[in-house]
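The values are calculated or read from the model by the stated rules, or taken from the named source; none is laboratory data. Computed from a predicted structure; not experimentally measured. Glycine gets a Cβ as well: all are built from the backbone with ideal geometry, and neighbour counts include every protein chain shown.
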Amino acid sequence: MPILQWLTRDNDVKASQAVPYRLLEEVPSLGYGDKTTGNMLIQGDNLEALKSLLPFHAGRIKCIYIDPPYNTKSAFEHYDDSLEHSQWLAMMWPRLELLRELLSEDGSIWVSIDDNEAHYLKVIMDEVFGRKAFIATNVWQKRYSRENREAIGDVHEYIMLYAKNPEKIANRVYANKMGNGNETSGDGWKYHGRGLIQLTGRWSYDHCGSGIKQNLIDNPEFTHTIMKKMLEIELSKLNELWLEEYRVIENVLAGINRNDSPLRIVPQFKANKDAMLKHMQDLFRGSRIREATLQGMINQYSDFGAMWRDDNSVDAAIVLMNSAETFWRYFEDNIEALLTWQVPNTFTIEFHGKALAHHSLGQRASALMLFVLSQRDNDVVIIDQPEDDLDNQTIYDDVIKLIRTLKPETQFIFATHNANIPVLGDAEQVIACQYLDERISTVSGSIDCVEIQKSIVGIMEGGAEAFERRKQVYEAWKPKNY
């Protein structure tokens, strides 16, 4: 799907996340009617107003109508209608995102606009709400008098309609020229201007009823309910960031964990329960709550945010131990250090399908060598006496096979007295060294050189067995004559 690019887009698409939550304060002297109706008139920045409604109305609004600045390059007293296109997009994007979060599953949003920004608006609404959420662009004629100022008159405006789930919308829009006022027919239709509109059988944006005028102000005295709703939203965003980080790690490990390698690194999201217990013990020091009690809590939850959200179950688990009051006192005293603490992921190195910790020292050394070799980060690899930690079976089954695979791309230099490495690895060049009477003598050549073969058998451990095995391998490769 095409997207629109502008200078500040990268920051603008994240702007709604940075908007602070603010508390709505009622102004009783300006209110009227029954407060339980839920009707509100809010005075303040509309971006902050939308954010303040999220904790209470997210996913509950069935119909939204907005009339944003058309950006006509005109001067108005209460708002700027002369923005550069990128500024207008920066203003619209975060508001559309918050409006999307307010829509119910069967909700729809109607946006008035004219030719100045209609096409820009269509593209960003496709991206914010999804192209499949688009229902229609409704055209209405705003003037019937003759236009004498221009060759082609500007007499139409538009209302763009999107729905969260188009299949759940039964609303119909017609552009019939019926009536000039706000006449109502007997079947529930509302004649508005020159367009006929039906919204689930009635005109839903006609009378706002009783209103309560409220001001948006900073207020540190959040009630417990409001604070919890806001924290839940922020904790969800924080968890998404942790998960995004984990997925990046997974992708990196996918490149390391080759299908043909016996070595794998297996990650687990938020799995380090030992670290989680230690963090809680440090913060609960002096509470006299037993370690077994804290461990029981930690085993049930992925992080402290999940524990905090499920407070009723936590109470039920610790009430029999008379620890509930103490538990929550310490929890709330350290709430920031708990809720924002990231439970570490765990990374288990597996060798042949079993955790490396359960292998012998020689097998662990093999795994380390295989890991280094498999990364293919170097053109030249120098390894000094690997047999000190490796057994012959491991060298043959894993190390030699990997070396033969990597030889076309990598040069290997081994200092070794294990014959399997040069013989079964098909070394191109072997230098046999001998120290006698304070002198070092050397013989060099390929692995097929007779003198080199004699040196390997005479000097290196398991030389004869290595050549016998090599012979068996090459015999197996020869074509059979039937």
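Descriptive notes on the structure:
- Any hit, the range 77-84, residues being in contact with a strand residue (DSSP E or B) (Cβ under 7 Å, 6 or more places away or on another chain) and without any contact (Cβ under 8 Å) to a residue 40 or more places away in the chain: yes
- Verdict on W93 being of a type in the set (A, V, I, L, M, F, W, C) and in a strand (DSSP E or B): no
- Test result for N39, within 27 Å of N138 (Cβ to Cβ) and out of contact with any strand residue (DSSP E or B) (no Cβ under 6 Å at 6 or more places or on another chain): yes
- For E77, the conditions (1) modelled with pLDDT of 85 or more; (2) out of contact with any Ser or Thr (no Cβ under 9 Å at 6 or more places or on another chain) all hold with the exception of (1).
- Listed by first and then second residue, the pairs linking a residue in the range 348-364 that is touching a residue at least 12 places away in the same chain (Cβ under 8 Å) to a residue that is in a helix (DSSP H, G or I) and of a type in the set (A, V, I, L, M, F, W, C), with Cβ atoms under 6 Å apart and 6 or more places separating them unless they lie on different chains, are I349/L356; F351/A367; R364/L356.
- Strands (runs of 3 or more DSSP E) (entirely within the range 1-79) containing at least 3 residues that are farther than 23 Å from L121 by Cα and basic (K, R): none
- Helices (runs of 4 or more DSSP H) completely within the range 333-412 that count 2 or more residues being of a type in the set (S, T, N, Q): 361-374
- So Y435, is it of a type in the set (F, W, Y) and under 30 Å from F351 (Cβ atoms): no
- Test: residue in the range 342-352 that is of a type in the set (F, W, Y), more than 28 Å from Y396 (Cα to Cα) and crowded, with 16+ Cβ neighbours inside 10 Å: no
- Test for G38: is it at pLDDT 85 or above, of a type outside the set (D, E) and surrounded by fewer than 16 Cβ atoms within 10 Å (Cβ to Cβ): no
- All of L24, L102, L53, L98 fail the test of being closer than 29 Å to A136 by Cα, in contact (Cβ under 8 Å) with a residue 60 or more places away in the chain and surrounded by 17 or more Cβ atoms within 10 Å (Cβ to Cβ), apart from L98.
- Residues of the range 445-470 satisfying the condition of being among the small types (G, A, S), closer than 17 Å to N418 by Cα and outside any helix (DSSP H, G or I): S446, G462
- Tally, over the range 433-463, of residues that are surrounded by 14 or more Cβ atoms within 10 Å (Cβ to Cβ), out of contact with any Gly (no Cβ under 6 Å at 6 or more places or on another chain) and modelled with pLDDT of 85 or more: 6
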